[in-house]
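Chemist: Below is one structure. I have some questions about it.
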Amino acid sequence: MTSRFLMLCGALILALGVAAGAFGAHGLKRLVTPDQLEVWRTAAHYQMIHGIGLLLIAALWPRLAAAPGALAGGLMLAGLVIFSGSLYALVLTGVRALGAITPVGGLLMIFSWLTLAWAAWRG
């Protein structure tokens with residue numbers, strides 16, 4: 001995991017987050033229930049926050065302890081993919097069982113922020 005990789009991922013995730021938000025607001029609005037649309041909005045919201053988080057880790061990279069900094073980035077990326085990805089898939093497919101893995105992504109995102117704090121402390 002490098003700062004360049006985290007910057008690339010963060011920027012791409014943010015671009016996709018804007019696209020997902022626009023798709024939810026304009027494309028899905030007529031196709032899904034209001035509850036499903038709220039789930040989509042939650043996924044896009046967390047995607048945007050954690051895309052910025054990846055950029056933050058990349059920007060702080062020189063000030064972080066290397067191993068925990070890389071771990072924080074990996075946890076954040078994995079958590080984002082699992083959390084938002086499972087919610088997007090749930091809305092698009094209607095497979096409610098996908099919601100069972102969403103909390104795993106949430107826990108990974110929480111651990112990523114705690115690991116970032118540890119990396120800052122040790123850096």
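Chemist: Out of 118, 113, which single residue is in contact with a Pro (Cβ under 8 Å, 6 or more places away or on another chain), touching a residue at least 24 places away in the same chain (Cβ under 8 Å), part of a helix (DSSP H, G or I) and farther than 18 Å from residue 16 by Cα?
Modeler: When all the criteria are applied, what remains is 118.
Chemist: Next question, about the same structure. Step by step: first the residues of the stretch 89-104, then only those that are β-branched (Val, Ile, Thr) and in a loop (DSSP other than H, G, I, E, B), then the one that is modelled with the lowest pLDDT. Which residue is that?
Modeler: This residue is 95.
Chemist: Could you please let me know if residue 33 is among the β-branched types (Val, Ile, Thr) and surrounded by 14 or more Cβ atoms within 10 Å (Cβ to Cβ)? It would help to see each step written out before you state the result.
Modeler: On the way: among the β-branched types (Val, Ile, Thr): yes; surrounded by 14 or more Cβ atoms within 10 Å (Cβ to Cβ): no.
Answer is no for this residue.
Chemist: Does the stretch 75-94 include one or more residues that are surrounded by fewer than 13 Cβ atoms within 10 Å (Cβ to Cβ) and free of Cβ contacts under 8 Å to residues at least 60 places away in the same chain?
Modeler: The answer is yes, given that some residue of the stretch 75-94 is surrounded by fewer than 13 Cβ atoms within 10 Å (Cβ to Cβ) and free of Cβ contacts under 8 Å to residues at least 60 places away in the same chain.
The values are calculated or read from the model by the stated rules, or taken from the named source; none is laboratory data. Note that the structure is a prediction, hence the values are computed from the model and not measured. Cβ coordinates were reconstructed from backbone atoms using ideal geometry, including for glycine residues, and neighbour counts include every protein chain displayed.
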